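Got a structure for you, questions after.
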Amino acid sequence: MDARLEAVYEEALKRNPTQPEFQQAVREVIESLETLLLSRQDYQDAGILERIIEPERQIMFRVAWQDDNNVVRVNRGYRIQFNSTLGPYKGGLRFHPSVTLSVIKFLGFEQIFKNALTGQGLGGGKGGSDFNPHGKSDDEVMRFCQAFMMELSRHIGADVDVPAGDIGVGAREIGYLFGQYKRIANRNEAGVLTGKGVGWGGSLGRREATGYGLVMFADNMLAQRGDSIAGKTAIISGSGNVATYAIEKLHQRGGKAVSISDSGGAVYDPDGIDVELLKEIKEVRRGRVEHYAAERPNAEFRKNRKVWDIEADLALPCATQNEIDANDVRAMNANGLQLIAEGANMPLTPGAVEVAQNSRILYAPGKAANAGGVATSALEMQQNASLQGWSFDVVEDKLEAVMRNIHDTCLRTAEELDDPGNYLVGANAAGFMKVADAMIQQGVI
């Protein structure tokens, strides 16, 4: 790394100690954009890099609530309002024990560029809590969400900051959060949250959007090689919304997913994952993937194991950050894998990215490949603002167009930077330049 950029990164390390995920995300962007950053004197003069890696606002707060046994529990809440250059802060809420300030900051940083790539006038932000909704009753989840919103409500609004769901925050949690916000604000401000129920301001297709968009993006990648999803086998991690609906869209396009996973292990189903059974177990019963394996005759549950040693054409990691290391990519490459597209945020370690980039595997980062969720959140905001509700087909067609445009923008930008076919450079550069150019026009703020 150039000494000037290294100095900026070292200063970021000093300001953000013990935040490895955030440091990793920042370094990835700086390293991938070194040529661009050094060629733009206007970016250097305006301190764009220094400003873009410092959040505009970091909010941390206590969330106190009572469980079903009337025991008081205390969690920590976060909202990082990272960059509002292009529009209101937009990004999900994650409820999971692994949530820390570092995790939320890395997610918010990635969200800046992801949202810019959609072309929909959205800033970047992220939030969440170390609360774990798994195993909690509906009443406990409701009480937690109401306590969480008591503080969050001070900082959000349809033209200020629009949260959505993420890991641990689905339709149930969004409903409780929205109900509490409406009670506090004393108005029905539909655009303040996305991922709402379809009957009260939500959008058809929002639940499916991240997974569907991921497969659409992968299909565009394969099309560059004169190929398609049809006939391909995919290994997928995770078993939440992103994984479930990536599997569904994959099957619709003639492919087959043969794996799912959660924190307890992985399932290999050579017959192809039964999407309806997966939905029943995860969305209705709130069960685990081992329960899925128990109901499928040829499925194998692999306790405390990954899915990346299974032979396949495509890998779609849809679980969490840093779930794939360099050895995993080497194994996939040896097995003839053609493509990795990230459904999760930063699921590959830096070493894994390097191995993928130096192999024949096509690789696309999450800020491009999984942007379908936030893109459809913006479509939900449009419907709320116009008091309309679009059909599923209309939303899906708009999503398809957004994902195609993101894909083409990444390739075109990489080509302009003399790094053809590099989706990582293309995604980072296209998102960064859009935000940076607007920051220069808006002055030093």
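Take residue 322 and residue 388, extend 7 Å from each Cα along the Cα→Cβ direction, and tell me the distance between the two endpoints in nm.
4.5
Ok, one more. Hey, can you find the accessible area per residue of the chain for me, probe 1.4 Å, expressed in square angstrom? If you can, show how the numbers build up before the last one.
Values: 17390 Å² over 445 residues.
That works out to 39 Å² for each residue.
For the pair residue 42 and residue 183, what calculated FRET efficiency results from E = 1/(1 + (r/R0)^6), where r is the Cβ-Cβ distance and R0 = 51 Å, to the nearest 0.05? Write down the numbers at each step before the final one.
On the way: r = 47 Å, r/R0 = 0.93.
Here the calculated transfer efficiency is 0.60.
Most fluctuating residue of 18, 85, 409 in a GNM of the chain with Cα springs under 10 Å: which is it?
18
How big is the equivalent ellipsoid of the chain along its three axes, where each semi-axis is √(5λ) from the Cα gyration tensor, reported in whole Å from largest to smallest? If you can, show how the numbers build up before the last one.
Details: eigenvalues 176, 171, 88 Å².
Working from the Cα gyration tensor, I get semi-axes of 30, 29, 21 Å.
Mind grabbing the accessible area of residue 206 for me, 1.4 Å probe, Å², rounded to tens?
Number for this one is 40 Å².
Solvent-accessible area of residue 167, probe 1.4 Å, all protein chains present, reported in Å² to the nearest ten, please.
Surface accessible to solvent at residue 167 totals approximately 60 Å².
Could you state the orientation-averaged shadow area of the convex hull built on the Cα atoms of region 156-254, in nm² to one decimal?
Answer in nm², one decimal: 7.7.
Pick from 243, 331, 371: which is most flexible by mean-square fluctuation in a GNM of the chain where alpha carbon atoms under 10 Å apart are linked?
Of the options given, 331 has the highest mean-square fluctuation.
Ok, one more. What value, in deg cm²/dmol to 500, does the helix sum -39500 (n - 2.57) over DSSP H runs of n ≥ 4 give at 222 nm once divided by the residues of the chain? Each step should come with its number before you reach the end.
Numbers: 18 runs with 212 residues, N = 445.
Computed mean residue ellipticity for the chain: -14500 deg cm²/dmol.
Continuing with the same structure: Summing +1 for each Lys or Arg and -1 for each Asp or Glu, what net charge is found among the other residues whose Cβ lies under 14 Å from the Cβ of residue 329? List each step's numbers first, then the result.
Values: positive: 306, 330, 360; negative: 309, 323, 325, 328, 342, 354.
Charge balance near residue 329 sits at -3.
Of 414, 59, 318, which is farthest along the charge dipole of the chain in the positive direction, counting Lys and Arg as +1 and Asp and Glu as -1 at C-beta?
Comparing the listed Cα positions along the dipole, 59 ranks first.
Mind telling me which of 347, 88, 97 comes out most flexible in a GNM of the chain, alpha-carbon contacts under 10 Å?
Evaluated over the chain, the most mobile residue of the options is 97.
In whole Å, what is the distance between the alpha-carbon centres of region 100-165 and region 258-291?
With region 100-165 and region 258-291 each reduced to a Cα centre, they are spaced 26 Å.
What is the spin-label model distance, in nm, from residue 285 to residue 419 if the labels are put 7 Å beyond Cα along the C-beta direction?
4.6
Residue 155: accessible area at probe 1.4 Å, nearest 10 Å²?
Around 50 Å² of this residue is reachable by solvent.
Per the 1.4 Å probe, what fraction of the accessible area of the chain, in percent, lies on carbon and sulfur atoms? Each step should come with its number before you reach the end.
Details: 8040 of 17390 Å².
Carbon and sulfur together cover 46 percent of it.
Please give the FRET efficiency for residue 62 paired with residue 7, using the beta carbon to beta carbon distance and R0 = 30 Å, rounded to the nearest 0.05.
Values: r = 37 Å, r/R0 = 1.22.
For residue 62 and residue 7, the calculated efficiency is 0.25.
Give the Debye-formula value of log10 I(q)/I(0) at each listed q (0.15 Å⁻¹), with one equal scatterer per alpha carbon of region 302-445, two decimals each.
-0.87
The values are calculated or read from the model by the stated rules, or taken from the named source; none is laboratory data. Since the model is a prediction, treat every value here as computed from it, not as a measurement. Cβ atoms come from the backbone with ideal geometry, glycine included; neighbour counts cover every protein chain shown. Ligands, DNA and RNA are excluded from the accessible area calculation, which covers all protein heavy atoms including side chains. Shrake-Rupley method; radii C 1.70, N 1.55, O 1.52, S 1.80 Å.
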